[in-house]
Amino acid sequence: MNFVASSNSLLKQLQSINGVVASNNLLPILEDFLFNLQDGKLHLTATDIDTSMSTEINVESKSNGKIAIPAKMLLEILKSLPEQPVNFNIDEESFSVELKSEYGKYKLAGENGDDFPKIPVEDDVKEIEISAETLFRGLTSTQLAVSDDELRPAMTGILFQIDENGLTMVSTDAHKLVRFRKTDIKTDKPAQFILPKKAAQLLRNNLTGEDSVVRVAFNNKHAFFTFKSMQIICRLIDAKFPDYNSVIPVENPFKMLIEKKDLTGSLKRVMIFSNKSTNQVSLKISGNNLKISGQDIEFYNEAQESLTCNYEGEDIEIGFNAKFLSEMLGVLETDQVSFNLSAPNRAALLFPDKQQENEDILMLIMPLMIRS
């Protein structure tokens, strides 16, 4: 088995799937890329068993075959080479791999491609199509509220719901919640699944700058995301997602509209002086004045800033984790943000001042108790 590939093109494709490669001493082959050469097309695959990624590249070859090649060593040599053709010669009996470049020859030990874990294939799937931009925006918005609590597995992923009302993506860690809804993607056959955090991150990373359409197919066990030459396959989280609608306040009558840039800057500065374990800041709203304050009693640190806002409602003082609040503001693509409030001990809702067409983003953040 032998072929010639562009060093830069091969490197780019391998880097796009390298995020899934696992360091697993129990299964050393998971540290490899699978090269499957068929009729001048080289199919590249990486997996950690739960998540698999594959892509392909055209090469010069008259042979077919497959080989598993150590990912780390191969990436390191390709990174060090300038753009040039690289010859790969594989001994299909010993599974040794020889690379030839303009500078010399390099040998490394591969493994039998037949021993590489089998990748799931589509079976009895439902499918929808989503623009890469929409999926990227949905993942970017919801990733910040995914939980790391393994005792509540459903919350360690992003819920996808598709029905006659549209596509809804939801994540929550009990401290914050994000709901991203796209009303122009519909189906008369309602379905849902929970996408694991790692798969969501890998998918989002590979959608950056994409303008293609993503085909999403799924069954009870796996989801398959296909766009251009890339496919990401993942095992779904088998758990029941909490009833998120029940925690979203129906009546939050107090409304505050404020410049996102000003609020983000104030939070960043005041948070420096707040307690490092809670990152708590206080937002005191009176009339059209917002006073943001933070303190760390143990070290006698404190800070206070005032901003102008548009506010309708009773005077209120409410505490938040400034880090959580800043993360939410960071993914809202808007000049102004709207806060819907009701009481110091009830959840606050954040919205962009202007929603994009057929899109609805809602963010919820739980308050912190303000100590006198």
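The values are calculated or read from the model by the stated rules, or taken from the named source; none is laboratory data. A quick note: this is a predicted structure, and the numbers were derived from the prediction, not measured. With ideal geometry, Cβ positions are generated from the backbone for all residues, glycine too; neighbour counts draw on all protein chains shown. Just the protein is used for accessible areas: all its heavy atoms, side chains included, with ligands, DNA and RNA removed. Shrake-Rupley method; radii C 1.70, N 1.55, O 1.52, S 1.80 Å.
Of note:
- Whenever a residue of segment 202-223 is assigned to a loop (DSSP other than H, G, I, E, B), its partners that are surrounded by fewer than 16 Cβ atoms within 10 Å (Cβ to Cβ) and of a type in the set (A, V, I, L, M), lying with C-beta atoms within less than 9 angstrom and at least six residues away or across chains, give the pairs Asn219/Val125.
- Here Leu325 fits the description: within 19 Å of the chain's Cα centre (by Cα), modelled with pLDDT of 95 or more, open to solvent by less than 20 Å² (accessible area, probe 1.4 Å) and within 17 Å of Ala145 (Cβ to Cβ).
- The listed residues are Ser171, Ser80, Ser141, Ser147, and the only one of them that is of a type in the set (Ser, Thr, Tyr), open to solvent by 20 Å² or more (accessible area, probe 1.4 Å) and modelled with pLDDT of 95 or more turns out to be Ser80.
- Within this structure, Lys221 fails the test of being open to solvent by less than 50 Å² (accessible area, probe 1.4 Å) and more than 15 Å from Ile130 (Cα to Cα).
- Selection count, segment 33-50, where residues are closer than 20 Å to Phe218 by Cα and surrounded by fewer than 22 Cβ atoms within 10 Å (Cβ to Cβ): 3
A quick yes/no check of all residues on (1) in contact with a Lys or Arg (Cβ under 7 Å, 6 or more places away or on another chain); (2) under 28 Å from Asp353 (Cα atoms):
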position	(1), (2)
Met230	no, no
Glu251	no, yes
Asn279	yes, yes
Gly294	no, yes
Ile316	no, yes
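- Residues of segment 96-122 satisfying the condition of being surrounded by 14 or more Cβ atoms within 10 Å (Cβ to Cβ), part of a loop (DSSP other than H, G, I, E, B) and among the aromatic types (Phe, Trp, Tyr): Phe116
- Selection from segment 328-362 of residues that are open to solvent by 60 Å² or more (accessible area, probe 1.4 Å), out of contact with any Asp or Glu (no Cβ under 7 Å at 6 or more places or on another chain) and farther than 30 Å from Asp184 by Cβ: Asn345, Arg346
- Just one of the listed residues (Ile49, Ile57, Ile67) is assigned to a loop (DSSP other than H, G, I, E, B), in contact (Cβ under 8 Å) with a residue 40 or more places away in the chain and within 27 Å of Phe227 (Cβ to Cβ), and it is Ile49.
- The lone criterion from (1) within 30 Å of Phe320 (Cα to Cα); (2) assigned to a loop (DSSP other than H, G, I, E, B); (3) aliphatic (A, V, I, L, M) left unmet by Leu263 is number (2).
- Contact map, segment 109-126: residues that are at negative phi and of a type in the set (A, V, I, L, M, F, W, C) paired with residues that are surrounded by 14 or more Cβ atoms within 10 Å (Cβ to Cβ) and in a loop (DSSP other than H, G, I, E, B), Cβ distance under 9 Å, separation 6+ or inter-chain. Pairs shown: Ala109/Phe95; Val125/Asn219.
- Across segment 285-304, the number of residues qualifying as on the phi < 0 side of the Ramachandran plot and open to solvent by 50 Å² or more (accessible area, probe 1.4 Å) comes to 11.
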